[in-house]
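First the structure, in the form of structure tokens, and then the observations on it.
The values are calculated or read from the model by the stated rules, or taken from the named source; none is laboratory data. Values in this document were obtained by computation on a predicted structure and should not be read as measured data. We place every Cβ from the backbone using ideal geometry, glycine too, and count neighbours over all the protein chains shown.
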Amino acid sequence: MFSRNVTVNATRLKPEIRFSSRVENYVKFRPGYPSSVIAWLREVMGLPPGIVIADVGAGTGISSRFFLDVGCEVFAIEPNTEMREAAIHQLGLHGSFHAIDGTAEATGLDARFVDVVVCAQAFHWFQRQPARHEFTRILKPGGHVVLMWNERELDSTPFLRAYEAMLLRYATDYSQVRHENVTHSDLAEFLGQEFQTASFANEQWFDFEGLRGRLLSCSYAPESGQQGHDEMIAELQRLFDECHEGGQVCFRYQTVVHLGS
């Protein structure tokens, strides 16, 4: 049987490039964020139209679109060329969208330029102390940092329990790159002791092709031609056949948001 203890090419571990071959699936099958997140942010910090946001680790623009849709001006910082180009393809005609080749540690933005730094699905990739220094530099006085990500529920349904077991069996470095590896002390060190946290329900429904695309959008899932890929997809088909409801399965998430100033 295939073991997840495989040798992983070191270049795959670099966050700047490890999603390059997964952009199409990322665009199609990664989840967005519920509108309740915006309502909460408006309540606790205000989110007036025209507010300037640095979306750091913007990827293919999922989070950038989320804030553009409520009237923010968004500077999308993304070091991965393929992901940044996908964001430009989707959002480049929006007058309030600006894509920048930069990193969390060196955004390329001017000092005291943005009202809010947003990091969606990206914080666990950062070099935290250099990133914290950079965020402090680019934020206006009284600015905020928003860290948010979708945490897939691991055991709330038989399907999700089986899916998690499959990942632990076949994925490469899954256990090392999970959002759950970010601890409360990590957050307090980065955001300060007075940060606020909220959680919101989120979900996606997939047919088998969508489920397959969602899996292959993940950087830890073996791709076609890599060790374990065929066995993983066969297992995914078996799980889908056993668990689908009317031809679909449900990914349940908690969208977790941490706010610091």
Residue 90 passes all but one of the listed conditions (1) surrounded by fewer than 21 Cβ atoms within 10 Å (Cβ to Cβ); (2) touching a strand residue (DSSP E or B) at 6+ places or on another chain (Cβ under 8 Å); the exception is number (2)
Provide a single number: the residues in region 190-216 that are part of a loop (DSSP other than H, G, I, E, B) and at pLDDT 95 or above.
2
Residue 165 part of a strand (DSSP E or B), of a type in the set (A, V, I, L, M, F, W, C) and under 30 Å from residue 238 (Cβ atoms)
no
What about residue 184, is it within 30 Å of residue 127 (Cα to Cα), within 18 Å of the chain's Cα centre (by Cα) and modelled with pLDDT under 95?
no
In region 89-121, the residues that are more than 20 Å from residue 135 (Cα to Cα) and either in a loop (DSSP other than H, G, I, E, B) or without any contact (Cβ under 8 Å) to a residue 24 or more places away in the chain (or both):
89, 92, 93, 94, 95, 96
Given the conditions (1) part of a strand (DSSP E or B); (2) in contact (Cβ under 8 Å) with a residue 60 or more places away in the chain, report the number of the one that residue 141 does not fulfil.
(2)
Does region 128-137 contain at least one residue that is surrounded by fewer than 22 Cβ atoms within 10 Å (Cβ to Cβ), touching a helix residue (DSSP H, G or I) at 6+ places or on another chain (Cβ under 7 Å) and not aromatic (Phe, Trp, Tyr)?
yes
